[in-house]
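The values are calculated or read from the model by the stated rules, or taken from the named source; none is laboratory data. Worth saying up front: this structure is predicted, and the values here are computed from it rather than measured. Cβ placement follows ideal geometry from the backbone for every residue including glycine, while neighbour counts extend to all protein chains displayed.
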Amino acid sequence: MNVAEKIKELRDAANMTQQDLADLLFVSRELVAKWERGRGRPDHGMMSRISALFGKPDDYFISREDALYEELSDCMPDSCGVKREELTRLLNCFLRGIDRRSARIFIERYVNVNGYADIAAMFGIKENHVRSILYKTRKKLKKYLERELA
């Protein structure tokens, strides 16, 4: 069962409407509907909140490591057979070549496994800004890896 199906199943079992769940999570009903249709997925922090709301373990939907791996897997060029040591070297070179704040945010997310809200609090910025910085950094990483592994 995927994340979308699990959210809907939990909500239905609790006799909640999408609006009820949205109100409890401080999000829009449209966002809950989007999650349930599989057109988006809550981040790990939100999945933890949903799990707690329904008395499920923190990793009920997906482990934090799996979620982060999915985010980073989009950066890897197709058919990339690079060894771990080489990938580590490339990541270190990449991080040294970008601005310090973006590198630190990237490390907080993918090395220290912190959620968006925690990172936002650390850097005194909004969660959406953290998401934006990470999105742009992943795009740069993908281009960097494509160039280096070509």
Checklist entry - Looking only at the range 136-150, which residues are over 11 Å from residue 74 (Cα atoms) and surrounded by 14 or more Cβ atoms within 10 Å (Cβ to Cβ)? => result 137, 140, 144, 145, 146, 148, 149
Item to check | Tally of residues being among the aliphatic types (A, V, I, L, M), part of a helix (DSSP H, G or I) and farther than 20 Å from residue 114 by Cβ across the range 26-62 | outcome: 4
Item to check | Filter result for residue 39 (basic (Lys, Arg), assigned by TED's automatic domain parsing to the domain that holds residue 137, without any contact (Cβ under 8 Å) to a residue 40 or more places away in the chain and under 28 Å from residue 146 (Cβ atoms)) | outcome: no
Next on the checklist: I'd like the residue in the range 91-150 that is within 17 Å of the chain's Cα centre (by Cα) and among the small types (Gly, Ala, Ser) and, out of all such residues, is nearest to residue 66 (Cα to Cα).
Outcome noted: 115
Item to check | Residue satisfying all of: in the range 89-135; of a type in the set (D, E, K, R) and assigned to a loop (DSSP other than H, G, I, E, B); surrounded by the most Cβ atoms within 10 Å (Cβ to Cβ) among these | outcome: 126
Checklist entry - Going by the structure shown, is residue 63 out of contact with any Pro (no Cβ under 8 Å at 6 or more places or on another chain) and more than 20 Å from residue 140 (Cα to Cα)? => result yes
Item to check | Pairs, first in the same structural domain as residue 130 (by TED's automatic domain parsing) in the range 81-103, second surrounded by fewer than 10 Cβ atoms within 10 Å (Cβ to Cβ), C-beta under 7 Å, six or more apart | outcome: none
Item to check | When residues of the range 27-49 are limited to those that are of a type in the set (A, V, I, L, M, F, W, C) and within 15 Å of the chain's Cα centre (by Cα), the one modelled with the highest pLDDT | outcome: 35
Next on the checklist: Checking the conditions here, which among 65, 86 is closer than 30 Å to residue 9 by Cα, assigned to a helix (DSSP H, G or I) and at pLDDT below 90?
Outcome noted: 65
Item to check | Top-ranked residue of the range 72-83 - restricted to ones that are in contact with a helix residue (DSSP H, G or I) (Cβ under 9 Å, 6 or more places away or on another chain) and modelled with pLDDT of 70 or more, ranked as nearest to residue 140 (Cα to Cα) | outcome: 75
Checklist entry - Considering the range 101-150 alone, what residues qualify as being aromatic (Phe, Trp, Tyr) and farther than 20 Å from residue 41 by Cα? => result 106, 123, 144
